[in-house]
Amino acid sequence: MTEAPAQTEMPHRIRADAQRNRDRILAVAETVIGEQGAQASLRDIARRAEVGLGTLYRHFPTRDALLADLLGDRFEQLAVRAAQLADGKLPAAEALREWLWEFSIGTSSYRGLPAALVDTLHDEQSPLHGACARLQQSTHVLLERAQQVGAVRADVDSADLFALAAAVGWVVDQSIPLAGRHQHLFTLMFDGLAAH
């Protein structure tokens with residue numbers, strides 16, 4: 001009878017240890033990816049989190065799994081923002097512009113992230129795929145409204161916009177001198193979407 005409580009307590013202790021490891025990995029990953037970009041060394045993350053590489057892989061079997069967890073809240077905020085902008089309070093083109101700008105800023109939060117997002121959009125096995133597909137769907141809703149009022153050319157689709165907004169983030173990501181021109185480059189891109 002005395003062994004039963006010990007057996008039920010043991011899994012809780014292991015889960016608590018595992019949760020602490022997971023939380024530490026995420027905290028360190030945010031710092032390391034902030035320094036090195038989306039392609040940061042997973043080995044370096046494990047070392048700085050003071051866990052084995054096997055422990056990191058148990059929690060995050062792929063780089064995309066780690067990024068998906070790290071970016072989960074940001075993606076959720078972007079999805080909520082898209083829903084707010086789709087409520088019809090702003091003119092359709094203005095709502096689309098606002099959404100694409102916030103998405104472009106969001107994609108440039110880590111160096112190398114824009115390319116990773118565009119890649120995972122077409123990789124259904126990636127843990128990032130679901131979040132990226134949801135963001136693309138948000139883009140689709142806002143784009144459709146803007147096209148219905150004739151503000152945006154009809155030959156553009158949500159995949160185009162997702163790629164273009166991410167591309168602007170990627171360009172500024174690649175060049176320090178261009179970082180200060182993010183909004184200007186974005187405006188040039190958005191102006192090219194106008195229906196003529």
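The values are calculated or read from the model by the stated rules, or taken from the named source; none is laboratory data. Please read these numbers as outputs of a predicted model, since none were measured by experiment. In this analysis, Cβ positions are derived from the backbone assuming ideal geometry, glycine residues included, and neighbour counts consider all displayed protein chains.
Quick look at the values:
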quantity	calculated
Options Ala179, Ala154: the member that is at pLDDT below 90 and farther than 23 Å from Asp69 by Cα	Ala179
So Leu117, is it in contact (Cβ under 8 Å) with a residue 24 or more places away in the chain, of a type outside the set (Phe, Trp, Tyr) and under 23 Å from Ala65 (Cβ atoms)	yes
Failed criterion for Val118 (all others in (1) touching a Pro at 6+ places or on another chain (Cβ under 9 Å); (2) in a helix (DSSP H, G or I); (3) over 26 Å from Asp87 (Cα atoms) hold)	(1)
Members of the stretch 142-159 found to be exposed (fewer than 15 other Cβ atoms within 10 Å of the Cβ) and either under 20 Å from Ser108 (Cβ atoms) or not assigned by TED's automatic domain parsing to the domain that holds Leu96 (or both), listed by number	Ala159
Residue match in the stretch 84-101 (condition: among the aromatic types (Phe, Trp, Tyr) and more than 27 Å from Gln19 (Cβ to Cβ))	yes
The lone exception for Glu35 - which of (1) of a type in the set (D, E, K, R); (2) touching a residue at least 12 places away in the same chain (Cβ under 8 Å); (3) closer than 24 Å to Trp170 by Cα it fails	(2)
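Residues checked against (1) assigned to a helix (DSSP H, G or I); (2) buried (at least 20 other Cβ atoms within 10 Å of the Cβ):
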{"site": "Ala82", "(1), (2)": "yes, yes"}
{"site": "Leu100", "(1), (2)": "yes, yes"}
{"site": "Phe103", "(1), (2)": "yes, yes"}
{"site": "Ser109", "(1), (2)": "no, no"}
{"site": "Cys132", "(1), (2)": "yes, yes"}
{"site": "His140", "(1), (2)": "yes, no"}
{"site": "Leu161", "(1), (2)": "yes, yes"}
{"site": "Val168", "(1), (2)": "yes, yes"}
{"site": "Leu185", "(1), (2)": "yes, no"}
